[in-house]
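What follows draws every value from the coordinates through simple rules; no lab data is involved. Because the structure is predicted, anything quoted here is derived from the model rather than measured. No Cβ is skipped: glycine too gets one built from the backbone with ideal geometry, and neighbour counts run over all protein chains shown.
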Amino acid sequence: MTSALTAVFLVALAAMLATRLWLAGRQIAHVARHRERVPDAFADRIALAAHQKAADYTTAKQRLARVETVVDVLVLLALTLGGGLALLVRWTGGLGVGPVWQDVALFAALALVSAIASLPFSWYSTFVVEERFGFNRMTLRLWLADLTKGAAVAVALGLPLLLLALWLMRTAGDAWWLWVWGAWMAFQLLVLVLFPTVIAPLFNKFEPLPAGDARERIEALLARCGFSSAGLFVMDGSRRSGHGNAYFTGLGRAKRVVFFDTLLARLNGDELEAVLAHELGHFKLKHIAKRIAWSAVASLAFLALLAWLAARQWFYTGLGMPPDLVPAALARPGVALALFSLALPVFTFALAPIAAQYSRRHEFEADAFAARTAGAVPLVQALVKLYEDNAATLTPDPVHSAFYDSHPPAAERVARLAALAPADAPAAA
Ligand SMILES: [Zn+2]
């Protein structure tokens, strides 16, 4: 079984790497082929210069993603079959602390390795790519402050969860995975409650949406859709980036509506209402609830699989643990958890197109909801402005888009909305 798992892992890893690089190559080539001409559907609304900026921005991001993909695969190989994790297991095993804290040290070391591998890309993305295209508004100081706060939040929330999971794995018997699943679901609920009031304010300022035309229209829309919320807020998104957005956050009656200041500055009242109606559609059509239900089912299945694998020697040796280390690994549940977390994404990568397809269906449904409640024409106008402002490509490669994109390609989205608009609407042309 050992060599069988090694072979399956290597084949899946190679397939993932090849697919990612092939898709990035397709995207770059497709965008380059369509760089010289704005697609007909947008010809009277987007200038050639903006279209070409979007093409160059897309290409720059894909080039960076290609390098990051290769680095990620190399780090994963080094940690698993290369013996990196085995080295960390031996080192933490000799620390002279209890077994639970040995596992905590193991996860801390893995987090450090992953940070060292990913931080240069995050830095380059912000200060080179985003900077070159005029989106970045961060200083190095703010970037470092974000990093420190992010790490503190991860420790404050993640450490208790990890300790609880490791304790349950040791003491809850054969059904520990059910208990860990319960803890995981409760943890997600807690984060949902804490995010708007405790976590997000650590990073941004939130101020009530000022009274005026925009606020009145949005309140009318919420009332029309029977939606109760604990407030409308403006977030200083412009502190970090020129990209605009709007989102819902929180749970039940404590839900908040958050607009980036960049979005408010750019959209008129009709357009803002249409964008919010789209977000509202996700709630009204139960997309959020369906997503949470799917993630609950998936995490239960993965934990059951982990429980089964964790008791099998070939699971450890097949992913690079030397046989002499297996008895120690079997006695430390954190080792199975770490190995599983490293290897799982290689196998779930094949599910990405299914998840993306599911998400795109929801986007079409939310667009149709927005067309019914706020009008298709202002939503199209808002989308065109956002595509232009965010330098989102209007000509993605169809295969790349089908595999990854959570949102439908611009042309398809606008075409469907145009079909929903009244025939005499002036801006639908
Ligand atoms: Zn959406």
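Ranked by Cβ crowding within 10 angstrom, fewest neighbours first, how are 124, 247, 387 ordered? Display every interim value, and only then the final one.
On the way: 124 15, 247 12, 387 21.
Fewest to most other Cβ atoms nearby, the residues stand as 247, 124, 387.
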Along Cα→Cβ, 7 Å out, is where each label goes; now give me the distance between the ones at residue 216 and residue 298 in nm to one decimal. 4.4 nm
Within 10 Å, count the other beta carbons around each residue, average over each peptide in 283-293, 299-309, and list them highest first. 299-309, 283-293
Given 205/255; 255/286; 290/385, which pairs have Cα atoms separated by over 24 Å? 290/385
Which of the aspartates and glutamates could be linked to residue 53 by a straight reach, that is with a Cα gap under 15 Å, when you skip same-chain ones fewer than 8 residues away? 36, 130, 131, 388, 389
Residues 6, 348 arranged by fewest to most Cβ contacts within 10 Å: 348, 6
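May I ask you to list the chymotrypsin sites (Phe, Trp or Tyr not before Pro) in the stretch 128-184 that are in a DSSP loop and have at most 14 other Cβ atoms within 10 Å of their Cβ?
Details: sites: 133, 135, 143, 167, 176, 177, 179, 181, 184; in loops: 133, 135.
Sparse-neighbourhood loop chymotrypsin sites (Phe, Trp or Tyr not before Pro): none present.
Could you list 116, 46 in order of exposure, starting from the residue whose Cβ has the fewest other Cβ atoms within 10 Å? Mind dumping the intermediate values first?
On the way: 116 10, 46 19.
If I rank by nearby Cβ atoms, fewest first, I get 116, 46.
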Length gained, residue 228-residue 113, 0.36 nm per residue minus C-alpha separation, equals 37.0 nm
Could you calculate the FRET efficiency of residue 43 with residue 204 from 1/(1 + (r/R0)^6), where r is the beta carbon distance between them and R0 is 60 Å, rounded to 0.05? 0.95
Of the options 181, 323, 191, report the single residue whose Cα projects farthest towards the positive end of the charge dipole of the stretch 174-330 (beta-carbon charges: Lys, Arg +1; Asp, Glu -1). 181
Report the extension gain between residue 139 and residue 12 in nm, rounded to one decimal, defined as 0.36 nm multiplied by the number of residues separating them, less their alpha carbon distance. 41.8 nm
Mean separation of Cα pairs under 8 Å and 6+ residues apart, divided by the residue count of the chain: what relative contact order is that in percent? 23 percent
The set of residues whose placed amide H lies less than 5 Å from the amide H of residue 241, leaving out same-chain residues fewer than 5 positions away, is 137
Separation between Cα centres of the stretch 152-179 and the stretch 247-289, rounded to whole Å: 34 Å
Please list the equivalent ellipsoid semi-axes of the chain, computed as the square roots of five times the alpha-carbon gyration tensor eigenvalues, in descending order and whole angstrom. 42, 26, 21
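In debye, nearest 20: dipole of the chain around its Cα centre with unit charges on the Cβ of K, R (+) and D, E (-)? Kindly include the intermediate steps, with their values, before the conclusion.
Values: 38 positive and 31 negative charges, 94 e Å.
Approximately 460 debye in magnitude.
Can you list the trypsin sites (Lys or Arg not before Pro) in the stretch 187-239 that are in a DSSP coil and have 15 or fewer other beta carbons within 10 angstrom? The partial results should precede the final answer.
Numbers: sites: 205, 215, 217, 224, 239; in loops: 205.
In loop regions of the stretch 187-239 (DSSP not H, G, I, E or B), the sparsely surrounded trypsin sites (Lys or Arg not before Pro) are 205.
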